[in-house]
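All remarks here apply to the structure that follows.
The values are calculated or read from the model by the stated rules, or taken from the named source; none is laboratory data. Please read these numbers as outputs of a predicted model, since none were measured by experiment. Backbone-built Cβ (ideal geometry, glycine too); neighbour counts: all protein chains shown. The accessibility values were calculated without ligands, DNA or RNA, using every heavy atom of the protein model including side chains. Shrake-Rupley method; radii C 1.70, N 1.55, O 1.52, S 1.80 Å.
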Amino acid sequence: MAKCRRMQLAKGKPPVATQQETVAALLGRSQRKGNAAPIRRTFVQQGPQRKPVPGPLATLVRNRDERALDLYLLLHAVASSEPWDVTESATLWGRALGLHVPGSAESAVSKTWARLEKLDLVRRSRRDRRASVTLLDEGGSGAAYRHPAGLEPYLKLPYQYWLSEDRWYKTLQLPAKAVLLIGLTLPREFILPTEKAPKWYGISSDTAERGLRSLRGNGLLSRRKEFKKAPLAPQGYTEQLVYSLEPPFRVTRK
């Protein structure tokens, strides 16, 4: 890397920050205590436990809009204090998303913010010829954002999602990212029957299965079988799979 930069300078080309350097700088500037982005559970699931309603995450997954999810999660990590906004150039956001083609990167970022704005997850304005993006309530109601601590249940997405050597924000694909966010809203040990995923979270059973399989394959999810006595079952018992997220995403609450 250093040799490459010296060659660039020798040829008169300025060194350009990489995607990872840009993401790390944005997160470092946030100075957020705990190094984790708080995101309301309503982004993932809403409604009472007996009648759950999928949150805005389901729309992003159904639309296969991984770019919008990536940008939204990063905004949550970076907008760490009131008024919960970030003013940056589309070029910088594009580099943070791994988009490097001049012109098309800026257009892609603008369109991505527009899709998030349509879901009432953010609000945009202009400031010094740059887009100022403000967080709105994670449930998609369009209400003003407030930090959820002491108000509503929320998940914590560790900065290691972006900063670990594994670069999970780039390594994981959309199904795994969705299941990771779901798991972060649940107790340390949880069940997630894939046939229930459409009703509970608004994602297909296949998407849930692929997400679970990917997380396990990457060592981020463990699984064990649990047996329960069931007198009316053919075998006299039933079994279910119990999952647990592994570091750096292990949930501490029981």
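For the condition open to solvent by 40 Å² or more (accessible area, probe 1.4 Å), farther than 25 Å from Thr18 by Cα and more than 14 Å from the chain's Cα centre (by Cα), Pro102 does not qualify.
Sort out which residues of region 202-247 are assigned to a helix (DSSP H, G or I) and open to solvent by less than 60 Å² (accessible area, probe 1.4 Å), and write them in order of number. Matches in region 202-247: Ser205, Thr207, Ala208, Gly211, Leu212, Ser214, Leu215. Restricted to region 110-143, and to residues that are free of Cβ contacts under 8 Å to residues at least 24 places away in the same chain and assigned to a strand (DSSP E or B), which residue is least open to solvent (accessible area, probe 1.4 Å)? Checked region 110-143; the qualifying residue least open to solvent (accessible area, probe 1.4 Å) is Leu136.
Apart from one condition, Pro148 fits all of (1) outside any strand (DSSP E or B); (2) open to solvent by 40 Å² or more (accessible area, probe 1.4 Å); the exception is (2). Looking only at region 34-46, decide whether some residue is out of contact with any Pro (no Cβ under 9 Å at 6 or more places or on another chain) and among the β-branched types (Val, Ile, Thr). No, that holds for no residue. Taken over region 47-83, the criterion of being surrounded by fewer than 19 Cβ atoms within 10 Å (Cβ to Cβ) and either of a type in the set (A, V, I, L, M, F, W, C) or touching a Phe, Trp or Tyr at 6+ places or on another chain (Cβ under 6 Å) (or both) is satisfied by Pro52, Val53.
This table checks each residue for (1) touching a strand residue (DSSP E or B) at 6+ places or on another chain (Cβ under 8 Å); (2) of a type outside the set (A, V, I, L, M, F, W, C); (3) at pLDDT below 95.
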site	(1), (2), (3)
Leu71	no, no, no
Leu92	no, no, yes
Ser104	no, yes, yes
Glu117	yes, yes, no
Val133	yes, no, no
Glu152	yes, yes, yes
Trp162	no, no, no
Lys177	no, yes, no
Leu180	yes, no, no
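Taking the stated definitions as given, is Arg250 under 22 Å from Lys170 (Cα atoms), part of a helix (DSSP H, G or I), open to solvent by 100 Å² or more (accessible area, probe 1.4 Å) and at pLDDT 80 or above? For Arg250, the condition - under 22 Å from Lys170 (Cα atoms), part of a helix (DSSP H, G or I), open to solvent by 100 Å² or more (accessible area, probe 1.4 Å) and at pLDDT 80 or above - is not met. Taken over region 190-201, the residue count meeting the criterion of being over 20 Å from the mean Cα position of the chain (by Cα) and part of a strand (DSSP E or B) is 0.
Among the residues of region 223-253, the one identified as small (Gly, Ala, Ser) and touching a helix residue (DSSP H, G or I) at 6+ places or on another chain (Cβ under 9 Å) is Ser244.
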